[in-house]
Each structure stands twice: as structure tokens, then as C-alpha cells.
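Below you'll find the structure I mean.
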Amino acid sequence: MSRREGLACPTCARTEGLEWKADTEAHCVLCRADFSLIPLARFSRPRPVARPQAVRVDGEAVCYFHAANQAEKVCEACGRFLCPVCAVPYTGRLLCPPCIKSGREKQETMIPHRTLYGNSALALAFFPLLAWPFTCVTAPAALALAIYGWRQPRSLVAPGRSKLLLAAFLAFLQIGGWLTGLGYLLFAVP
Amino acid sequence: MSRAPRLYTRLTRSPFSVGSYASLWQGPDHLLQVQSYGFRELYQRLDYKDVDAFVLVASNRRKYWALTWGSLAAVLAFVFLLNWVSGDGFPFVSLSFLVLCLIPLTWNWLLGPTVRVYALTAAQPFPLLSLVRRRRAEAVLTRLRPLLEDEHSPSAPTPPS
């Protein structure tokens, strides 16, 4: 069976309802989705499958995670011996699963998520203006968040600090407004 | 002090959606899909080596947008005509609302048919959420194709064993 014939409908994930109109055009009779396939050169080539040498050879190193498998690779981060099942090519390196898990927060190419302090601080500085009495609490909070977020890791794709600056500026204005008002009430009003 | 070079190049901007925004970025050896929820960004990576093919599934997104804006435009056109024939001068306000509604309707039509795009890997289809227009999707895939084919070629560097 060719790779194309074994393809599942990307919408309903079923293989039995596909009708191929042309080499790259198909229709799924089950979910009525029309789709086009854009195959790359290796789409039709069989993929190499990593299989461990299940027989352990005496005197040879074994996999750190599978004592029955002979070690064939070494983790580039921790140096553990690995069988081909445990040696995962990840961002250009061969790593074991625990190193992938522990390294996610350290390398830029492994980070799974980031908190956007700039957006949070800006929202905290801007939206409470609609109910301005709350700004006596939210403006200092926005300023604190902007200061805290200044040293925190930023977005991978938009790492600027302009939103933090804008939030701090807005928060300063609001705090200044409150202080001016309080000063007026305390000293100017008899 | 010189800035560190950017690791990612933007491939697509976020399509209009409610609550979250997705965008696609080209990295050195992988694609980065960013889903932003306003206060948090989630990153999904797809190695060029893992992509076998792309699938473009026709979607009804364009029809739904056309129906939404078209219905609104029809109502506003009716209001505009009513105001016009009633004879109290030319209804500029109604006309401006109608034009404001016709702009996204025309824009939606000009952007072309809509699709959902999946990158096929050995494990599962990986949805590319920010590619929603066929023309844009084909342009991005045309740009990516040589990179992917290079990664798949036997001369591409492989992790040391």
C-alpha cells in the first residue's frame, strides 16, 4: 500500500472514505471535505524506523532506561548511554527524554510558553480607566508589574519592552493624578 | 551594544479570531507556531525534518464572513434607501455605516478562498492555524518547500550518533 492510499482524512481522521479525483486532489465522502495534497519528495519514500537491538551483548553498555537494550548512542546533554528508542533527535542534538524535559526552559528553541508581562501591565494600566476610582489600586499594581516584568524573559517573537514602558508611563500618570488630587484636598481646600 | 539577531522570521500574521491569535514563524531548522492568549504565548515547533507533506482542506470561513458582513450590509442598505426616499436630505450617516460594512465584505472577497492547512508528519497532522487563505498558504508553502527539501536531502547534516 502506498503512502497516499494509507492517508487519513485530516478532518475526520478516517482512511476508508477518501476518493482521489487526481494525484493530489481528494474528497472525503464521510465528512464531505475536499482537500489538496502537496507532497514533498520524501512523502513516497519509506521512513527509517528506529529499533533497538533487543539482545543484550555481555560486556557492552546497555541503555540507561532499558536494561534489555544495547546502548548505541550517548545523550549529548547528560552523557547517558541510550538505545535508539531513547535517543531523540531534538533541535539538532541527540537527547534523552529527561534532558528534553529539563532543558525546555533553558534553550530558546525549547521554550513551551512565555508570560507576556507587557500586555498584562498595559491592560492593568489602561482598562481600569473606564472605572477610574479603581485606578488608585490598579495603577500601583500596573507599575509594579511593569518593573517586575522588565527583567523577566520576554516573548520569543516580539521581545520589545515598549508595552512595559507605556504601561509604566500610564501608571505614573494615574499615580500622579491621585497624588495631586490628594494634595489638593489636604492642603489647598480649607 | 549590538542586538542579538532574531531567531525567527514571520511567515504569517494572525487571522481574525476571538480570544486567541495564531501566527507562523520560520526558524533555523523548524517552524514555530505561536498561539497568543493576550497574557500568555504558547509555542509549538515543527522540525523541517518531520514534515512529509502539506494538506489544504477547503473551509467555509469565507462564506461565513461573507454571510455575516453581507447580512449587515443588506440591512444598512435598506436603512440607507429608506432614509433617502423619505426625502430629508442625503443620508450621509447611513451611507458611511454602509461603506464601513462594505469594506470588510469586499476585503473578505478579495482575499480569496479559505482553507485549513495541515503539515503531515509520521505521527499526526499538525494544524497550521494561521494559514487560512489559500493564496497566502500556497505562497508560504512555496517559500518553505526548498527549505524542507534541503533538510530531507541525504546531504543534510544529521545529529551525530
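The values are calculated or read from the model by the stated rules, or taken from the named source; none is laboratory data. Everything numeric in this text was worked out from a predicted model, so none of it was measured. All Cβ positions, glycine included, derive from the backbone under ideal geometry; neighbour counts span all protein chains shown.
Can you tell me which condition B:W25 does not meet? The list is (1) surrounded by fewer than 18 Cβ atoms within 10 Å (Cβ to Cβ); (2) in contact with a Leu (Cβ under 9 Å, 6 or more places away or on another chain); (3) among the aromatic types (F, W, Y), and all the others hold.
(1)
The rows are residues; the columns are (1) loosely packed, with under 12 Cβ neighbours inside 10 Å; (2) touching a helix residue (DSSP H, G or I) at 6+ places or on another chain (Cβ under 7 Å).
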| site | (1), (2) |
| --- | --- |
| B:Y43 | no, no |
| B:V57 | no, no |
| B:K63 | no, no |
| B:G70 | no, yes |
| B:G87 | yes, no |
| B:L100 | no, no |
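Picking from B:A123, B:A53, B:A77, B:A119, which residue would you name as being closer than 21 Å to A:A41 by Cα, surrounded by fewer than 18 Cβ atoms within 10 Å (Cβ to Cβ) and among the aliphatic types (A, V, I, L, M)?
Values: B:A53 fails: surrounded by fewer than 18 Cβ atoms within 10 Å (Cβ to Cβ); B:A77 fails: closer than 21 Å to A:A41 by Cα; B:A119 fails: surrounded by fewer than 18 Cβ atoms within 10 Å (Cβ to Cβ).
None of the others qualify; the one that does is B:A123.
Give all pairs with beta carbons closer than 7 Å in which a residue from the stretch A:158-178 that is more than 30 Å from B:Y8 (Cβ to Cβ) meets a residue that is surrounded by 15 or more Cβ atoms within 10 Å (Cβ to Cβ) and hydroxyl-bearing (S, T, Y); count only pairs at least 6 apart in sequence or on separate chains.
Final answer for the pair search is A:Q174/A:T135.
Of all residues in the stretch B:139-153, which are more than 10 Å from every other protein chain (Cβ to nearest Cβ) and not aliphatic (A, V, I, L, M)?
If we filter the stretch B:139-153 for residues that are more than 10 Å from every other protein chain (Cβ to nearest Cβ), which is where we start, we get B:139-140, B:143, B:146-147, B:150.
Within the stretch B:139-153, B:R143, B:P146, B:D150 qualify.
If only one of A:G118, A:G103 is within 10 Å of chain B (Cβ to nearest Cβ) and small (G, A, S), which one is it? Talk me through it step by step, then tell me what you get.
Details: A:G103 fails: within 10 Å of chain B (Cβ to nearest Cβ).
So the residue among A:G118, A:G103 that is within 10 Å of chain B (Cβ to nearest Cβ) and small (G, A, S) is A:G118.
Mind checking which pairs have a first residue in the stretch A:127-138 that is under 13 Å from A:I175 (Cβ atoms) and a second that is loosely packed, with under 12 Cβ neighbours inside 10 Å and of a type in the set (S, T, N, Q), Cβ under 8 Å, 6 or more apart or different chains?
Partner pairs satisfying both residue conditions: none exist.
Just wondering, is there one or more residues in the stretch A:62-70 that are surrounded by fewer than 15 Cβ atoms within 10 Å (Cβ to Cβ) and modelled with pLDDT of 80 or more? Steps first, answer last, please.
Within the stretch A:62-70, the first condition is being surrounded by fewer than 15 Cβ atoms within 10 Å (Cβ to Cβ), and the residues that meet it are A:67-68.
Of the ones still in play, those that are also modelled with pLDDT of 80 or more are A:67-68.
Within the stretch A:62-70, one or more residues are surrounded by fewer than 15 Cβ atoms within 10 Å (Cβ to Cβ) and modelled with pLDDT of 80 or more.
Could you please find all residues in the stretch A:99-130 being at pLDDT below 90 and more than 24 Å from A:E76 (Cβ to Cβ)?
The answer is A:H113, and nothing else.
Give me the residue from the stretch A:143-157 that is assigned to a helix (DSSP H, G or I) and more than 13 Å from every other protein chain (Cβ to nearest Cβ) and, out of that set, modelled with the lowest pLDDT.
Initial filter on the stretch A:143-157 (assigned to a helix (DSSP H, G or I)): A:143-150.
Add one more test, that the residue is more than 13 Å from every other protein chain (Cβ to nearest Cβ), and what stays is A:143-144, A:146-148, A:150.
Details: A:L143: 95, A:A144: 95, A:A146: 95, A:I147: 95, A:Y148: 95, A:W150: 92.
Looking at the filtered set, the residue picked out is A:W150.
Criterion first (more than 10 Å from every other protein chain (Cβ to nearest Cβ), part of a loop (DSSP other than H, G, I, E, B), of a type in the set (A, V, I, L, M, F, W, C) and surrounded by 12 or more Cβ atoms within 10 Å (Cβ to Cβ)) does B:L131 satisfy it?
Working: more than 10 Å from every other protein chain (Cβ to nearest Cβ): yes; part of a loop (DSSP other than H, G, I, E, B): yes; of a type in the set (A, V, I, L, M, F, W, C): yes; surrounded by 12 or more Cβ atoms within 10 Å (Cβ to Cβ): yes.
Spelling it out, B:L131 is indeed more than 10 Å from every other protein chain (Cβ to nearest Cβ), part of a loop (DSSP other than H, G, I, E, B), of a type in the set (A, V, I, L, M, F, W, C) and surrounded by 12 or more Cβ atoms within 10 Å (Cβ to Cβ).
Let me ask another. List the residue pairs whose Cβ atoms are under 6 Å apart, where the first residue sits in the stretch A:105-124 and is closer than 14 Å to A:Y90 by Cα and assigned to a loop (DSSP other than H, G, I, E, B), the second is at pLDDT 90 or above and of a type outside the set (F, W, Y), and the two are 6 or more positions apart or on different chains.
If the second residue must be at pLDDT 90 or above and of a type outside the set (F, W, Y), no pairs are left.
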